[in-house]
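FYI, it's all coordinate maths here, none of it is from the lab. Quantities reported herein were computed from a predicted structural model and do not represent experimental measurements. Note that each Cβ is placed from the backbone with ideal geometry, even for glycine, and that neighbours are counted across all protein chains shown.
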Amino acid sequence: MGLWYDIKRPFRNGSALTRLIYINIVIFLFLTVLGITGFLLKNPDIPSKGLLFFSVPASLKLLLSRPWTLITYMFTHKDILHLLFNMLWLYWFGKIFLEYLDQKKLVAVYLLGGISGALLYIVSFNVFPAFTDVITESVAIGASASVMAVVVAISAYVPDYTVYLFLLGRIKIKYIALGIFILTSVMEFPVNSGGKLAHIGGALFGILYTASIRKGRDPGKWLNSVIDAVVTIFKPRKKLKVRYKRPVTDYEYNKARADHQAKINAILDKISKGGYDSLSREEKDYLFRESQKKN
């Protein structure tokens, strides 16, 4: 119970960046479990069908039967290193993104950048002769296009933002973004050309997004409205509670305030001695509620 609560709490109370990373990890773990199950049962169809359910196909015919994959593919990883590098880049540049732009914009750039990457990949495979023989089998997975969109968008927004890199020293993020783009999207293009096309699509969206923001237009506003509407539908409604409180005396009011402050002080003292993890679930909830009241 305590472990599950500690796992859920960062997702429930965390930033949009935290939630995006969590979703990627959860889907990776789900596919890993399918892989183990398929191995134990000697049934390779189990993991392969699971992966195909989330992967976006290059074939337009297959895409029409699996339209949700335009979204799910950008949260899907089969390789742990693929997941690790994507999430590290997303975390580093996502933190910079949130210093200047809000969480809803981060979600919009991630999702629309991923969709842009998928569309460029699909269109290219259906247009260029180089892909004719592989179009029916080709699928794409990974957050790379979405991450590239975030990297390019914030690098274009604050190009002179400087970070410190080991061995390289202080360097502006516009040069880091350019290096990432060349290494992952241009070099050895025939190798994993589908993935590289998706990267390019994400990068193009990142540039266009920042250009629109600078002109006072938010290309992702409509998407955020859709997400808010969906969340509102599935969010449980709180029951209205009517409470009637009798007037309190000055003594009762001051005593309640003193008791409240004493409880807060006790929790803070416990943190200073044993750290945040030493708190009980009730104490963590109490402290979180109090912090929300002050925001």
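May I ask for the angle, rounded to the nearest 10°, between helix 250-274 and the longest principal axis of the chain, with both axes built from Cα atoms and the value confined to 0 to 90°?
50
In what sequence do 147, 123, 186, 191 fall when counting other Cβ within 10 Å, fewest first? Write down the numbers at each step before the final one.
Numbers: 147 33, 123 14, 186 11, 191 8.
By the 10 Å Cβ count, ascending, the order reads 191, 186, 123, 147.
Which length gain, in nm to one decimal place, applies between residue 251 and residue 186 when the Cα-Cα distance is subtracted from 0.36 nm times their residue separation?
16.1 nm
Can you give the angle from 0 to 90° between the axis of helix 16-40 and the longest principal axis of the chain, with both taken from C-alpha atoms, to the nearest 10?
Once rounded, the angle reads 60 degrees.
Would you list 152, 226 from fewest to most Cβ contacts within 10 Å?
226, 152
Step through the table entries 255/284; 105/196; 172/221; 42/196; 105/215; 105/172, compare each Cα-Cα distance with 26 Å, and write down the pairs that go over it.
172/221; 42/196
Tell me the angle of helix 281-294 to the major Cα principal axis of the chain, expressed in degrees between 0 and 90 and rounded to the nearest ten.
With both axes taken from Cα atoms, the answer is about 90 degrees.
Pick from 275, 206, 117 the residue whose mean-square fluctuation is largest in a GNM of the chain, springs joining Cα atoms under 10 Å.
Between 275, 206, 117, it is 275 that shows the largest mean-square fluctuation.
Per residue of the chain, what 222 nm ellipticity follows from adding -39500 (n - 2.57) for every DSSP H run with n ≥ 4, rounded to the nearest 500?
-22500 deg cm²/dmol
Hey, how much of the P(r) for region 250-294 falls beyond 11 Å, as a percent of Cα pairs?
67
Please tell me the relative contact order of region 61-181 in percent, rounded to the nearest whole number, where contacts are Cα pairs under 8 Å and at least six residues apart.
Relative contact order here is 30 percent.
If you take the C-alpha gyration tensor of the chain, multiply each eigenvalue by 5 and take the square root, what semi-axes do you get, largest first, in whole Å?
They are 43, 25, 20 Å, listed largest first.
Using 0.36 nm per residue of separation minus the Cα-Cα distance, give me the extension gain between residue 98 and residue 78 in nm, one decimal.
Length gained between residue 98 and residue 78: 4.4 nm.
Using a 10 angstrom cutoff on alpha carbons, build the Gaussian network for the chain and name the most mobile of 85, 181, 54.
85
Only counting other Cβ atoms within 10 Å, I'd like 264, 200 sorted with the fewest neighbours first.
If I rank by nearby Cβ atoms, fewest first, I get 264, 200.
What percent does the relative contact order of the chain come to when contacts are Cα pairs within less than 8 Å and at least six residues apart?
Relative contact order of the chain: 17 percent.
With springs only between Cα atoms under 10 Å apart, run a GNM on the chain and tell me which of 210, 72, 232 wobbles the most.
Evaluated over the chain, the most mobile residue of the options is 232.
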